[in-house]
1. Straight-line reach from Lys192: which aspartates and glutamates have a Cα under 16 Å away, not including same-chain ones fewer than 8 places off?
2. Apply 1/(1 + (r/R0)^6) to the Cβ-Cβ distance of Glu131 and Asp157, taking R0 = 25 Å, and write down the FRET efficiency to the nearest 0.05.
3. May I ask you to compute the full-extension gain from Asp73 to Asp13, defined as 0.36 nm times their residue separation minus their alpha-carbon distance, rounded to one decimal in nm?
4. Residue by residue, what Karplus-based ³J(HN,Hα) values in Hz, rounded to whole numbers, does the range 16-22 have, using 6.51, -1.76 and 1.60 with θ = phi - 60° and x for Gly and Pro?
5. In the neighborhood of Leu153, defined by Cβ-to-Cβ distances under 12 Å, what is the net charge if each Lys or Arg adds +1 and each Asp or Glu adds -1?
6. Treat each spin label as a single point 7 Å out from the Cα along the C-beta direction, and report the Trp63 to Lys176 distance in nm.
7. So what J values fall out for the range 60-75 if you push phi through Karplus, 6.51 cos²θ - 1.76 cosθ + 1.60 with θ = phi - 60°, rounded to Hz, Gly and Pro as x?
8. What is the packing order of peptides 148-155, 183-190, 38-45, 67-74, taking the mean over residues of other C-beta atoms within 10 Å and listing the highest first?
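Here, each number is a calculation from the coordinates, and none is a lab measurement. Computed from a predicted model, the values in this text were never measured in an experiment. Here Cβ is always computed from backbone atoms with ideal geometry, including for glycine, and neighbour counts include all displayed protein chains.
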Amino acid sequence: MAPTGENSAGACDDFDLMQRITDGDADALAMLYDRHGALIYAVGLRILRDQGEAEELLIDIFWEIWSRAARYDPSRGAPVTYLLMLARSRAIDKQRSSAHRDKAQPGRSDAPIQTAAVSTANPSEQALSNERSQLVRAAMQSLDPIQRQAVELSFFDGLSHTQIAARLAKPLGTVKTYIRQGLIRLRDGLRKHQ
């Protein structure tokens, strides 16, 4: 008999992992990290453009998941969506904090942007990660081009809604609608594969 929270393929789904984390299961946190750590790191690196800060963000996100797991509401979206929202929000906060520090320290030179891939040690985990990446790419491609652009500017470039509106020369309310509709379509597209 399979342990609680496992599906027929033998792997816990993300919803089960989040529940187990809420119950204090450290192994569930490790599994969630193995599944989505590379994605969270990539989002952090894209927004922050600094390997060290992206690594700190990754640690901060999973610490927050562990210490505040009860904040997650499964009725509002999939766990990976929650992780991405946290990563984006915290990366933007970190970016703004860094900009504030830079203003306070004139003459500080930034090191060149460094990139590094976060790899999983287990080949089967890497294969699952690659499959998830393909699913996300396919779901992004299914969006209307304007929705896709708005979502990418918001989540991958870390722009505020106001900045996106200026870049796209669209009203703020329209940009918010593009992002909201895009996220709903992404969620629905990704749910088909869970």
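1. Asp13, Asp14, Glu131
2. After rounding to 0.05, the efficiency reads 0.50.
3. Numbers: separation 60, 0.36 × 60 = 21.60 nm, distance 1.53 nm.
Full-extension gain reported as 20.1 nm.
4. Per-residue couplings from phi come out as 5, 4, 4, 5, 5, 5, 4 Hz.
5. Values: positive: Arg46, Arg88, Arg148, Arg167, Lys170; negative: Glu152, Asp157.
Residues close to Leu153 contribute a combined charge of +3.
6. The answer from the label model is 3.3 nm.
7. With coefficients 6.51, -1.76 and 1.60, one gets 4, 5, 6, 5, 5, 4, 5, 7, 10, 4, 5, 5, 5, 10, x, 6 Hz.
8. Values: 148-155: 20.4, 183-190: 16.8, 38-45: 22.2, 67-74: 12.4.
Those peptides, ordered most packed to least, come out 38-45, 148-155, 183-190, 67-74.
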